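The values are calculated or read from the model by the stated rules, or taken from the named source; none is laboratory data. Keep in mind that this is a model prediction, so the values were computed, not measured. Don't worry about glycine lacking a Cβ; one is built from the backbone with ideal geometry, like all the others, and counts go over all protein chains shown. To get the accessible areas, we keep the full protein, side chains included, count just its heavy atoms, and leave off ligands, DNA and RNA. Shrake-Rupley method; radii C 1.70, N 1.55, O 1.52, S 1.80 Å.
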Amino acid sequence: TEASSTAKAITAWSCLWLDNPGLMADVSGTISGTNIALTMPSGTDVSGLVMEFSTTGASVSPLSGVAQDFSNPVVYTVTAADGSTQDYLVSVAVSLAAAKDITSFAFLSAKNSGLARDVVGTITANGISLTMPFGTDVSALIPTFMNTGAHVTVGTTWQVSGQTANNFTSPLTYTVTAADGSAQDYTITVTTALRAAQ
């Protein structure tokens, strides 16, 4: 009688968009020994992912096609026909966000004592322009802004919305750094009206 097979390898691993509504494309796992790693797109909810895989074994636990929480690595056990087993550790990482836009920029009268009214900036590509009322001192203005990045700097100085004052006598470069480390510059240009509004 032939001995029962000892084969118990996982040969392919993937997370299919058809099984996971939050995905826009399939994600393949990288198998290295008994470790399997996947990197999901930024923002992916890993608490209920459905995985598909191929194996030379007789069975695998947990089962293929069943949702699992991958907030922490999950152990999959492959059982061969002869009853021997092999564990695989499946780790899922999520890509860091690349977003780095300034979505609003304004000088609020509540944050700038010399202003009688709010002044909202106009954002075009990588430039933001604001026109201040006649006679405004622009040497120490505090902007209030929103952005999609991890942090914002002017030079090496971190900028806190509604708190950090800057001299806007000349155009300033605000650098927005994304969670993935990439950066985008915005040139802030502040002008003053040539005469008081009538």
Residues of segment 71-95 being more than 15 Å from Thr6 (Cβ to Cβ) and not in a strand (DSSP E or B), in sequence order, are Ser71, Asn72, Pro73, Ser95
How many residues are assigned to a strand (DSSP E or B), of a type in the set (A, V, I, L, M) and surrounded by 18 or more Cβ atoms within 10 Å (Cβ to Cβ) if we restrict to segment 107-154?
6
Scanning segment 49-61 for residues that are open to solvent by less than 30 Å² (accessible area, probe 1.4 Å) and over 30 Å from the mean Cα position of the chain (by Cα) gives Gly57, Val60
State which residue is nearest to the chain's Cα centre (by Cα) when the search covers only segment 1-48 and only residues that are within 13 Å of Tyr76 (Cβ to Cβ) and open to solvent by less than 40 Å² (accessible area, probe 1.4 Å).
Leu38
What's the number of the only condition in (1) under 30 Å from Val74 (Cβ atoms); (2) not polar (S, T, N, Q); (3) not in a loop (DSSP other than H, G, I, E, B) that Gly181 fails to meet?
(3)
